[in-house]
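Below you'll find the structure, written out as structure tokens, and then a few comments.
The values are calculated or read from the model by the stated rules, or taken from the named source; none is laboratory data. Keep in mind that this is a model prediction, so the values were computed, not measured. Methodologically, a virtual Cβ is constructed for each residue, glycine included, from the backbone with ideal geometry; neighbour enumeration extends over all protein chains shown. Side chains are part of the model used for accessible areas, which takes the heavy atoms of the whole protein and leaves out ligands, DNA and RNA. Shrake-Rupley method; radii C 1.70, N 1.55, O 1.52, S 1.80 Å.
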6 protein chains.
Amino acid sequence: MKAKSCRKSKTTMTQLVLPNDTNVLGNLFGGILMQWMDIVGAICASKHAESQTVTASVDNISFDNPINLGDVVTLEAQVSRAWNTSMEVYIEVYTSNIKGKAKVKSNHAYFTFVAIDLESKRPVKVPALTPKTSEEIKRYESANRRKEIRLILGKRLKPKDAKEIIDYFGEFQ
Amino acid sequence: MKAKSCRKSKTTMTQLVLPNDTNVLGNLFGGILMQWMDIVGAICASKHAESQTVTASVDNISFDNPINLGDVVTLEAQVSRAWNTSMEVYIEVYTSNIKGKAKVKSNHAYFTFVAIDLESKRPVKVPALTPKTSEEIKRYESANRRKEIRLILGKRLKPKDAKEIIDYFGEFQ
Amino acid sequence: MKAKSCRKSKTTMTQLVLPNDTNVLGNLFGGILMQWMDIVGAICASKHAESQTVTASVDNISFDNPINLGDVVTLEAQVSRAWNTSMEVYIEVYTSNIKGKAKVKSNHAYFTFVAIDLESKRPVKVPALTPKTSEEIKRYESANRRKEIRLILGKRLKPKDAKEIIDYFGEFQ
Amino acid sequence: MKAKSCRKSKTTMTQLVLPNDTNVLGNLFGGILMQWMDIVGAICASKHAESQTVTASVDNISFDNPINLGDVVTLEAQVSRAWNTSMEVYIEVYTSNIKGKAKVKSNHAYFTFVAIDLESKRPVKVPALTPKTSEEIKRYESANRRKEIRLILGKRLKPKDAKEIIDYFGEFQ
Amino acid sequence: MKAKSCRKSKTTMTQLVLPNDTNVLGNLFGGILMQWMDIVGAICASKHAESQTVTASVDNISFDNPINLGDVVTLEAQVSRAWNTSMEVYIEVYTSNIKGKAKVKSNHAYFTFVAIDLESKRPVKVPALTPKTSEEIKRYESANRRKEIRLILGKRLKPKDAKEIIDYFGEFQ
Amino acid sequence: MKAKSCRKSKTTMTQLVLPNDTNVLGNLFGGILMQWMDIVGAICASKHAESQTVTASVDNISFDNPINLGDVVTLEAQVSRAWNTSMEVYIEVYTSNIKGKAKVKSNHAYFTFVAIDLESKRPVKVPALTPKTSEEIKRYESANRRKEIRLILGKRLKPKDAKEIIDYFGEFQ
């Protein structure tokens, strides 16, 4: 399998916040935004893997500013690292209101997807990722640290074995 | 404002996985589960706060086992810590298929909500939380560590100032 | 098949009234509430039967007080009687608004479900029900009278053969 | 206010059963059918009343035959009686599959709606109903008996005061 | 296969504009109206063909007047011409608000559907159409001109070969 | 108001065909695709106009190849001409299945939107469009011919006054 660039599977989704998507305060409902992130991330990972994918995990997402009814939400997803059968996807969310104001970044998140064969319903191998820009390389390199956090939180790694994180925080001690 | 127990705002939601909720593989779509978690968490936080709430952040969620069409999903939410205007809610997801098998835990996650006044749309103070069982106390105490992680990830705290985490990982060095 | 208690299959669903669920007056749309009742009832019946179920009938439901946007709706379902392949489920609906007011009962209804085998798509036998509290016993005993009403309304029983109802109303004559 | 005929507000709705509307067995989900009934009934009542309406109650509905994915569902609603501010609407549901088979009646139900003024959110008077065909007259006359049943079930009428029903069943004793 | 009249497959759908169906201005969202048109048209074509159908094309639709929240929308579909395996369906959309005003025509459109066999997923022959009223005959005869426009726009017919249209517009030159 | 380029408001939407979006044959439902086109077109027009917009008309759309469950649909919208208060938007739809095949164009359509002021609900002026590439110029120039067709079809222009079209087809006579 040939390694692929980040750009090859980059995916953009645009959504308009309709009454259907709002909470009691008239803003975009957090659960709807997460659903959009999940879809755009899955499409991006599926393009890289050339197979169906399922969501394996979602990293911390923070919702800092309310997104209003009528706002345009742009979601950009790109693979930040590929391992054996799983991929980490970096998703950025931009919001702009219609009245000419510049779009502003409102969120970002890392989702992890596993490539699945539709027949056997078993994980399948995915191509490696070749990061190119300095941003892409930075996200590629920090991916293992995020993976350790996921494993600790999923109780599949003991904190004392989280080598990357121990090094990272240990040096501040 | 009088402090409240965890039990006072505990909230249970039950859902049946309908065709409408499935992905291409015929399993529960990750984005739908996150939406259910967001709603049950918001209801729980709103009960504690006695006001409307908005989602401020979602911590790492992992999706280990596929949930199938026709499965029953039970979501249980309880406040794990309350700060000034925000609350951390702990959500557990249990799944059972109909054919008599015991329900199994399939996920858990921490969501953070901010109490909002419906008129002014500004944050409002929330009651303190009084944890009682040993489980509740453990989650209450580890909440500050999770909050530091959120602040680091949201770039509002420098890793070198994350006192709780440095202590925690530093001692493994 | 071993008889089961009511408590064993009791099911709680919590919903938040979102803009998506409202009618032109800004209140919870009756059709949405009926859909929630149907789902929570089906889950409850399926737990008792340990098989898939389909809705066979819905008894009279009255909607006395409007339920508002932003209200929290709690639905509690429990089997009130089991016959050969069908079960009657009693569903209570409670509503509370966020601003600290006590939750109030807003509706109740009886739904009937038939247990269905997923392969053959034919009805299957369900366990008997053992009512315990005086409330449960009362609902268990009045179930046959409600069943007669359903049969009369479905034109499968002639009013003159509705023994339980004739006795009940006859004595007022 | 001038009395109106049944025909004046008769309303027909046609729906196609899409994957979105099905339960785990691949049939039309009971809750979706009830939602369609509620909408077609509300439109019919609103036409008669010339005002918005809210659902006040639903009488017994039985679901005898499964309705399949791809079937066409036709719902016909007509006012069967009007009182002061409320109306009873009779709804018939017909189903046909595409492959040329004749449509068959699969359900019927009585829904009650109250006319509401959009400004004051208070009930408003509705025109009287003039039944014409023998079917319409029969349903008009039996409406008071159904109303008594609703009042008894809603605990707003004591069984011993249900004059129409006592007469009806009493004579079989 | 016996030819059929237009009336035989005429289909009426009634919808109530709910908050769920509105755009940012509080009016019926164009995309929702198109979806309703597509469903009512598909049902109508399927009745004529006695088989499943898929949408082949949609002709020009104009949305002249906004349709408001709470309005009642009536869609009437009838086959205007049948060819070998495809049918043209004429759809009229009427709108009325509740407050007693007469319903007004708000749109019309021509949709084309192809009959499909559910097993082979291949097109199947459909019955001929026998137009009867002068309106039906007029629509039947102009159908070939509309078909040529579709073929030109779909780049499957060169403008210079569009005989009907050349004759029609040529004579104004 | 300063004229704008096409590129300035170009909008990309990506969607994954979920079970929720399919028809009885398991393919993307035509009505859902039209809804996606309407949203992406409205976002694009709103960006150009810097105001809210409503759909004024949709030109002929043809659906040549079925789009399957699990396919990725990419919609690209760009303004093709701006008049006084209205804009024509050109939308291209590309489809790719996951398994590595190249994406193929499956549809295109022209939608027309009118810019609306949110307060007064009246049309507002929009910036002119400056086409740049030869493709953009070609679509810009043919826009008036399409506008004439719309006006004829909407019965607001007599065929004999459709100057552009008469010239175009007349010369083939």
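The separation of the range C:45-80 from the range E:1-70, counted between C-alpha centres, amounts to 32 Å. The heavy atoms of residue E:8 offer some 150 square angstrom of accessible surface to a 1.4 angstrom probe. Distance to the D-onto-E rotation axis is smallest for one chain D Cβ; residue and value in angstrom are D:12, 2.
Once you have the Kirkwood Rh of the protein assembly as shown from its Cα pairs, apply Stokes-Einstein at 20 °C and 1.002 mPa s and quote D in µm²/s.
On the way: Rh = 31.0 Å.
The calculation lands on 69 µm²/s.
For the Cα atoms of chain A, what angle does the longest principal axis make with the long axis of helix A:134-153, in degrees from 0 to 90, nearest 10? So the helix axis and the longest Cα principal axis differ by about 80 degrees.
Comment: the Cα-to-Cβ extended label point of residue F:141, at 7 Å, lies 3.8, 5.4, 7.9, 7.9, 9.1 nm from its counterparts in the other copies, nearest first.
Give me the dipole magnitude in Debye, nearest 20, for the protein assembly as shown about the Cα centre, with unit charges on the beta carbon: positive for Lys and Arg, negative for Asp and Glu. Before the final figure, lay out each step's value.
Details: 156 positive and 114 negative charges, 0 e Å.
For the protein assembly as shown, the charge dipole is close to 0 debye.
Counting, for every residue in F:47-53, the Cβ atoms of other protein chains within 10 Å of its Cβ and taking the mean gives 4.
Using the basic label-point model (7 angstrom from Cα toward the beta carbon), what is the residue D:3 to residue A:64 distance in nanometres? Distance between the two pseudo-spin positions: 6.9 nm. Counting, for every residue in E:5-15, the Cβ atoms of other protein chains within 10 Å of its Cβ and taking the mean gives 3. Of all the options B:28, B:129, B:18, the one that moves most in a Gaussian network model of chain B with Cα springs shorter than 10 angstrom is B:18. If a/c stays under 1.5 just call it rounded; otherwise compare a/b with b/c (prolate if a/b is bigger, oblate if not). Do that for the range D:115-173, with a ≥ b ≥ c from the square roots of the Cα gyration tensor eigenvalues. Here the range D:115-173 falls in the oblate category. Treating r as the C-beta distance of residue F:92 and residue F:137 and R0 as 22 Å, the FRET efficiency rounds to 0.80.
Of the solvent-accessible surface of the range D:4-132, computed with a 1.4 Å probe over protein heavy atoms with every protein chain present, carbon and sulfur atoms account for 48 percent.
Within the assembled protein chains, the solvent-accessible surface assigned to residue E:61 is about 0 Å², based on a 1.4 Å probe. The charge dipole of the range E:96-173, taken about its Cα centre with unit charges on the Cβ atoms of Lys, Arg (+1), Asp and Glu (-1) only, comes to about 380 debye. Counting only protein heavy atoms and a 1.4 Å probe, the range A:4-132 has 34 square angstrom of accessible area per residue. Close amide H partners of residue F:6, meaning residues 5 or more places away or on another chain with modelled amide H under 5 Å apart, are F:130, F:132. Taking the label point 7 Å along Cα→Cβ, residue C:103 and its counterparts in the other copies are spaced 1.5, 4.1, 4.2, 4.2, 4.6 nm apart, in ascending order. Based on the convex hull around the alpha carbon atoms, the range D:1-107 presents an average projected area of 7.4 nm². Here's how it looks for residue D:56: its modeled amide H is under 5 Å from those of D:112, D:113, D:114, which are all 5 or more places away or on a different chain.
Go through A:4/E:155; C:47/D:105; B:103/C:125 and tell me which ones have a Cα-Cα distance over 28 Å in this structure.
Working: A:4/E:155 37 Å; C:47/D:105 31 Å; B:103/C:125 22 Å.
Result: A:4/E:155; C:47/D:105 exceed 28 Å.
Spin-label pair residue A:117-residue D:117: with each label point 7 Å from Cα along the Cα-Cβ axis, the two points sit 7.0 nm from one another. Buried accessible surface for the C/D chain pair comes to about 3800 Å², total over both chains, computed with a 1.4 Å probe. Label sites at residue A:145 and residue D:102, each approximated as a point 7 angstrom past Cα along Cα to Cβ, lie 7.5 nm apart. Where Lys and Arg each count +1 and Asp and Glu each count -1, what net charge lies around residue B:95 among other residues with Cβ under 9 Å from its Cβ? Net local charge, residue B:95 excluded: +1.
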